[in-house]
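Here is the structure we will look at, set down as structure tokens.
The values are calculated or read from the model by the stated rules, or taken from the named source; none is laboratory data. These numbers were taken from a predicted model, which means no experiment stands behind them. Reconstructed Cβ throughout: ideal geometry from the backbone, glycine too, with neighbour counts over all protein chains shown. Each accessible area value is taken on the protein alone, full model and side chains, heavy atoms only, with ligands, DNA and RNA left out. Shrake-Rupley method; radii C 1.70, N 1.55, O 1.52, S 1.80 Å.
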Amino acid sequence: MKLLVTGVAGFIGAGVAMQALARGDEVVGIDNLNDYYDVSLKRARLARLERWDNFTFERADVSDRQAMAAFYARVKPQRVVHLAAQAGVRYSIDNPMAYVDANLVGFATVLEGARRHQVEHLVYASSSSVYGANTKLPFTESDSVDHPVSLYAATKKANELMAHSYSHLYGVPTTGLRFFTVYGPWGRPDMALFTFTRKILAGQAIDVFNHGKHHRDFTYIDDIVEGVLRVVDRAPAGSPKAHGTGEGGAPWRVYNIGNSQSVELGHYIRTLEHCLGREAQKNYLPMQPGDVPDTGADVSALEQEFAYRPNTSVQEGIGRFVDWYCDYYKVAL
């Protein structure tokens, strides 16, 4: 299978590409290698992928309509995993237009390419952020997601609606995956685990928002990658009102993909302290704008239809991250 992975130099994109290559797929990756975070980390992820003969890379921006149209015509992928996006809730507060370009215009070009070149299945990244300030836990796919509390979340909700229109009008099979908090080796430096580790090792205080009382559905990267590829391999057929989220007969689905076990941030930090063998200095702060108190994934639909069962504990996952971090940055504990 020829698989296109957008955002291939990113955390999840590189993981998906690596596993697809290992199982024998031909993977074509694109990424614009922007400087939202350390570009050298993105290049290091790419270097690992470029060791495979069945991998090719092209630097491109998904929001460039002409470049993407030419790319699709030249590559003709069978299936697409679209992970290129401007990530981050807090960054969207200060830089909203970056999200319009990458997450709305970029997604439109990916959809249009899938339509014009008869892509068998488009799997794309949505986010648990679409649930906004919902307080009923765990979050289920049939919950209302009409009141996002950040522009980032709004763009992800828009992606789901855009995908439905293409599935309905043109028969493009699409599946959206609402990622919960993904962590692990090769992760993003702007995320909590990476930031906490760097500061604790440097003897700096960490900012603990909401006094560490909020909960997150932390999901280990390998569990996420396995779930993504299982979904890629089976495109949805048209059926009415799937999981309460589909309308009509469009070949369109949306699933939660998480760990299904929420962990308090305070416990997450204590686990990291144990793995590092040192205690963090903490600045306890109120909730940040655009953030949500708690997240938790009901993954029963993905489990029933794809036998998806994440099995990596937070203790094991953080331990693996710390081992990777110390090796990558040459840190001795």
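Please go through the range 106-138 and pick out each residue that is β-branched (Val, Ile, Thr) and surrounded by 17 or more Cβ atoms within 10 Å (Cβ to Cβ).
Passing the criteria: Thr109, Val110, Val119, Val123, Val130.
Failed condition for Tyr329, given (1) of a type in the set (Phe, Trp, Tyr); (2) within 26 Å of Gly227 (Cβ to Cβ); (3) free of Cβ contacts under 8 Å to residues at least 40 places away in the same chain, with all others met?
Answer for Tyr329: the failing condition is (2).
Could you go through the range 83-92 and let me know if any residue there is farther than 21 Å from Phe11 by Cα and either in contact (Cβ under 8 Å) with a residue 12 or more places away in the chain or in contact with a Ser or Thr (Cβ under 8 Å, 6 or more places away or on another chain) (or both).
No, the conditions are met nowhere in the range 83-92.
List pairs: first in the range 48-64 and within 12 Å of Met18 (Cβ to Cβ), second of a type in the set (Phe, Trp, Tyr) and in a strand (DSSP E or B), Cβ under 9 Å, 6+ apart or cross-chain?
Leu49/Phe55; Leu49/Phe57; Glu50/Phe57
Would a scan of the range 208-231 turn up a residue that is touching a His at 6+ places or on another chain (Cβ under 6 Å), at pLDDT 95 or above and open to solvent by 20 Å² or more (accessible area, probe 1.4 Å)?
no
Results for (1) among the hydroxyl-bearing types (Ser, Thr, Tyr); (2) modelled with pLDDT of 95 or more, shown as yes or no for each residue.
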site: Gly248; (1), (2): no, no
site: Val263; (1), (2): no, no
site: Gly290; (1), (2): no, no
site: Ala297; (1), (2): no, no
site: Glu305; (1), (2): no, yes
site: Tyr329; (1), (2): yes, yes
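Give the range 16-35 a look and list any residue that's open to solvent by 20 Å² or more (accessible area, probe 1.4 Å) and not acidic (Asp, Glu), or say none.
Within the range 16-35, Met18, Gln19, Ala22, Arg23, Gly24, Asn32, Asn34 qualify.
Any idea which residue in the range 61-105 is farthest from the chain's Cα centre (by Cα), counting only those that are of a type in the set (Val, Ile, Thr) and surrounded by fewer than 24 Cβ atoms within 10 Å (Cβ to Cβ)?
Checking each candidate, the answer is Val75.
Run down Gly266, Gly317 and say which single residue is open to solvent by less than 50 Å² (accessible area, probe 1.4 Å), touching a helix residue (DSSP H, G or I) at 6+ places or on another chain (Cβ under 6 Å) and not in a loop (DSSP other than H, G, I, E, B). Before the answer, list the steps.
Details: Gly317 fails: touching a helix residue (DSSP H, G or I) at 6+ places or on another chain (Cβ under 6 Å).
So the residue among Gly266, Gly317 that is open to solvent by less than 50 Å² (accessible area, probe 1.4 Å), touching a helix residue (DSSP H, G or I) at 6+ places or on another chain (Cβ under 6 Å) and not in a loop (DSSP other than H, G, I, E, B) is Gly266.
Could you go through the range 234-241 and let me know if any residue there is at pLDDT 95 or above, surrounded by fewer than 13 Cβ atoms within 10 Å (Cβ to Cβ), assigned to a loop (DSSP other than H, G, I, E, B) and in contact with a Lys or Arg (Cβ under 8 Å, 6 or more places away or on another chain).
Among the residues of the range 234-241, not one is at pLDDT 95 or above, surrounded by fewer than 13 Cβ atoms within 10 Å (Cβ to Cβ), assigned to a loop (DSSP other than H, G, I, E, B) and in contact with a Lys or Arg (Cβ under 8 Å, 6 or more places away or on another chain), which makes the answer no.
Does Gly212 fit the bill of being more than 21 Å from the chain's Cα centre (by Cα) and of a type outside the set (A, V, I, L, M, F, W, C)? Steps first, please.
Values: more than 21 Å from the chain's Cα centre (by Cα): yes; of a type outside the set (A, V, I, L, M, F, W, C): yes.
The answer is yes for Gly212.
Residue under question is Leu201, and the condition is that it be outside any loop (DSSP other than H, G, I, E, B), of a type in the set (A, V, I, L, M, F, W, C) and buried (at least 20 other Cβ atoms within 10 Å of the Cβ); does it hold?
So Leu201 does not fit the description; no.
Quick check on the range 184-198: of everything there that is of a type in the set (A, V, I, L, M) and in a helix (DSSP H, G or I), which residue is least open to solvent (accessible area, probe 1.4 Å)?
Looking at the filtered set, the residue picked out is Leu193.
Across the range 281-304, which residue is farthest from Ile200 (Cα to Cα) among those that are without any contact (Cβ under 8 Å) to a residue 60 or more places away in the chain and open to solvent by 60 Å² or more (accessible area, probe 1.4 Å)?
Gln304
If you scan the range 152-177, which residues turn out to be surrounded by fewer than 23 Cβ atoms within 10 Å (Cβ to Cβ), out of contact with any Leu (no Cβ under 9 Å at 6 or more places or on another chain) and under 14 Å from Ser127 (Cα atoms)?
Passing the criteria: Ala154, Lys157, Glu160, Leu161.
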